[in-house]
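The values are calculated or read from the model by the stated rules, or taken from the named source; none is laboratory data. As the structure is a computational prediction, the values presented were derived from the model and not from experiment. Quick reminder, even Gly has a Cβ in these numbers, built from the backbone with ideal geometry, and neighbours come from all protein chains shown. Side chains included, ligands, DNA and RNA excluded: accessible areas come from the protein's heavy atoms. Shrake-Rupley method; radii C 1.70, N 1.55, O 1.52, S 1.80 Å.
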Amino acid sequence: DPKIIQKPKYLVAVTGSEKILICEQYLGHNAMYWYRQSAKKPLEFMFSYSYQKLMDNQTASSRFQPQSSKKNHLDLQITALKPDDSATYFCASSQGGASGNTLYFGEGSRLIVV
Amino acid sequence: AQKVTQTQTSISVVEKTTVTMDCVYETRDSSYFLFWYKQTASGEIVFLIRQDSYKKENATVGHYSLNFQKPKSSIGLIITATQIEDSAVYFCAMEPHNAGAKLTFGGGTRLTVRP
């Protein structure tokens with residue numbers, strides 16, 4: 001059974017709309033992350049959270065907003081969607097937020113913006 | 001800023017042979033971590049092996065081993081006795097010390113292991 005659950009696995013959205021990507025991890029980890037993988041770029045770090053607090057944000061646009069309602073949840077809200085946002089978004093977690101820890105990835109949410 | 005480059009976009013080998021995948025990186029940090037992950041056909045991304053920059057000994061896990069050449073900023077992945085199920089895309093990544101799991105990934109190398 002997957003230990004990091006992402007929902008939905010696939011979604012198609014209209015330009016200008018808003019979507020929320022859900023992520024729950026059942027590994028007991030304290031740190032969670034979002035990464036993005038698109039056809040044009042390799043896996044890119046977006047956000048990191050540790051104990052539900054934002055640690056790092058490498059996303060230039062404020063249209064991307066992580067939300068952590070529980071320790072094992074880290075959702076990603078994307079507003080005013082653009083076709084360039086089309087990508088697979090991976091949630092990940094690690095035992096701690098320190099460097100060198102192994103990242104465990106979810107199966108990804110593939111977003112297509114038309 | 002860090003940069004990770006994997007020049008081999010794809011490699012095809014016969015099963016049970018050894019394959020080496022190249023990776024070079026750029027960083028100004030004196031201490032960092034290097035990782036290899038693989039992405040299967042289903043999209044799943046799985047951690048394989050890690051090298052700490054301050055360790056001279058090459059890391060080995062199962063049939064994965066690393067060829068770490070720090071002066072060349074190079075971290076090659078060696079897979080011995082390849083199996084069909086090793087077919088996947090392999091990503092090299094680096095993380096500066098104290099960067100908090102902010103990995104910079106390379107573009108990936110697609111490995112095909114054929115019978």
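Brief remarks on what is shown
- Largest to smallest principal axis extent of the C-alpha atoms in the stretch B:1-54, angstrom: 38, 21, 20
- Along its principal axes, the protein assembly as shown has C-alpha extents of 48, 39, 32 angstrom, given from the largest down.
- Rolling a 1.4 Å probe over the protein heavy atoms leaves A:Lys9 with an accessible area of roughly 110 Å².
- Peptide A:95-101 shows a mean partner chain C-beta count of 6 within 10 Å per residue C-beta.
- Sparse-neighbour loop sites [chymotrypsin sites (Phe, Trp or Tyr not before Pro); the stretch A:36-114; at most 14 other C-beta within 10 Å; DSSP]: A:Tyr51
- Additional length obtainable on full extension of the chain from B:His97 to B:Ser31, 0.36 nm per residue less Cα span: 23.2 nm
- Dipole magnitude of the stretch B:1-70, debye to nearest 20 (Cβ charges: Lys/Arg +1, Asp/Glu -1, about Cα centre): 140 debye
- Surface per residue (accessible, 1.4 Å probe) for chain B, Å²: 49 Å²
- Shielding score for B:101-113, defined as the mean number of other chain Cβ atoms within 10 Å: 4
- Two-site FRET efficiency, A:Lys70 against B:Arg114, from Cβ-Cβ distance with R₀ of 45 Å, rounded to 0.05: 0.50
- Summing Cβ point charges (Lys, Arg +1; Asp, Glu -1) relative to the Cα centre of the protein assembly as shown gives a dipole of roughly 220 debye.
- Threshold 30 Å², the stretch A:20-47 residues less accessible with all protein chains present than alone (1.4 Å probe): A:Tyr35, A:Gln37, A:Pro42, A:Leu43, A:Phe45
- Over all directions, the projected convex hull of the C-alpha atoms in chain A averages 6.6 nm² in area.
- Only protein heavy atoms count here; under a 1.4 Å probe, B:Cys92 has an accessible surface of about 0 Å².
- Extending 7 Å from the Cα toward the beta-carbon at both B:Glu44 and B:Asn58 defines two label points whose distance is 2.8 nm.
- Across all C-alpha atoms in the stretch B:68-115, the radius of gyration and Dmax reach 13.6, 43 Å.
- Cross-link table A:Lys40/A:Lys70; B:Lys3/B:Lys56; A:Lys3/B:Lys16; A:Lys3/B:Lys38, entries beyond 27 Å C-alpha to C-alpha: A:Lys40/A:Lys70; A:Lys3/B:Lys16
- Peptide B:45-51 is shielded by partner chain Cβ atoms: per residue, an average of 4 of them sit within 10 Å of its Cβ.
- Net length gained if the chain between A:Glu18 and A:Gln77 were fully extended (0.36 nm per residue, minus Cα distance): 20.5 nm
- Over all pairs of different C-alpha atoms, the stretch B:11-115 has a mean inverse distance whose reciprocal, the Kirkwood radius, equals 14.0 Å.
- Neighbour net charge for A:Thr88 - beta-carbon separation under 10 angstrom, K R +1, D E -1: +2
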